[in-house]
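The values are calculated or read from the model by the stated rules, or taken from the named source; none is laboratory data. Because the structure is predicted, anything quoted here is derived from the model rather than measured. A quick note on method: Cβ atoms are made from the backbone with ideal geometry, for glycine too, and the neighbour counts reach across all protein chains shown.
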């Protein structure tokens, strides 16, 4: 009986691995890879045919989609800095994963520990805001500094043995986007988009009229917790390219660039467009000039923000007849 159960479990595991592996190969190679290779042949843009750049561009597109999508709610709730807080929490999670791998026979994915720690930190921030009577910026500062302190202690606890491994997560890298990581990022992006689509109306209500949302019986706390956890997912997803230090930028800067657009839904779409321009152009320039991808993406995003504000200023002057 026991041997039968073992055989069934083994067969199921093999089937699952084969199914998941086949799905990853189909999406990354047959769909995305083929599309970029065709685009490379049509445009002569050879870097589109490089496998590691294909993964980097996929990660860039995913970040551009989910960053402004979730960031739009955060900015309008005046919680834009939660992304920075959860990024530092994710840093502690990465350090915990690398520490566990260094001092024990366990093999733990740093991205998994980063996601768990960031999600717990997100819920902690919301709990401090809702129940501890702390102001939002105070609660964010407490969790941010505490998380970074934990991460720094874990890094130094192994005599610097994991410092090299954690540097890629601090600053981001195109080379760190493996096939598995690209597949996980794509899966997390699909989950984030699906959850936001399903809870869109309540999230908008809670974002713009929290008092009214409570009055009509909406579970404001639960939706706030949901938004916090979604932010944690975005942070961990973007960390591979952006790095912990700059990951919050994609939650805020594209949204800020889209503020002149009227209508919340339209502003989200405009933020995604700004995010796509920032990430795709940033990844390309990063490869060409061999510089940090995260910093390049942020600088491009700031440039787009400047152009957006300049266009608004010029339009205002024209309307007043000054130009």
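Annotations
Listed here are the residues, each with its yes/no results for (1) modelled with pLDDT of 85 or more; (2) closer than 28 Å to residue 272 by Cβ; (3) under 14 Å from the mean Cα position of the chain (by Cα); (4) not assigned by TED's automatic domain parsing to the domain that holds residue 281.
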{"position": "8", "(1), (2), (3), (4)": "no, no, no, yes"}
{"position": "32", "(1), (2), (3), (4)": "yes, yes, no, yes"}
{"position": "39", "(1), (2), (3), (4)": "yes, yes, no, yes"}
{"position": "89", "(1), (2), (3), (4)": "yes, yes, yes, no"}
{"position": "96", "(1), (2), (3), (4)": "yes, no, no, no"}
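Conditions tested, residue by residue: (1) over 22 Å from residue 186 (Cβ atoms); (2) modelled with pLDDT of 95 or more.
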| position | (1), (2) |
| --- | --- |
| 222 | yes, no |
| 227 | no, no |
| 232 | no, no |
| 250 | no, no |
| 271 | no, yes |
| 276 | no, yes |
| 287 | no, no |
| 302 | yes, yes |
| 312 | yes, no |
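- Yes/no for residue 252 being part of a helix (DSSP H, G or I) and surrounded by fewer than 18 Cβ atoms within 10 Å (Cβ to Cβ): no
- Yes/no for residue 286 being in the same structural domain as residue 67 (by TED's automatic domain parsing), surrounded by 22 or more Cβ atoms within 10 Å (Cβ to Cβ), over 18 Å from the mean Cα position of the chain (by Cα) and in a helix (DSSP H, G or I): yes
- Among the candidates 108, 61, 117, residue that is in contact with a helix residue (DSSP H, G or I) (Cβ under 6 Å, 6 or more places away or on another chain) and in a helix (DSSP H, G or I): 117
- Among the residues of region 189-236, those identified as under 14 Å from residue 65 (Cα atoms) and surrounded by fewer than 19 Cβ atoms within 10 Å (Cβ to Cβ) are 190, 191, 193, 194, 195, 197.
- Any hit, region 155-166, residues being within 26 Å of residue 62 (Cα to Cα) and either touching a residue at least 40 places away in the same chain (Cβ under 8 Å) or in contact with a strand residue (DSSP E or B) (Cβ under 8 Å, 6 or more places away or on another chain) (or both): yes
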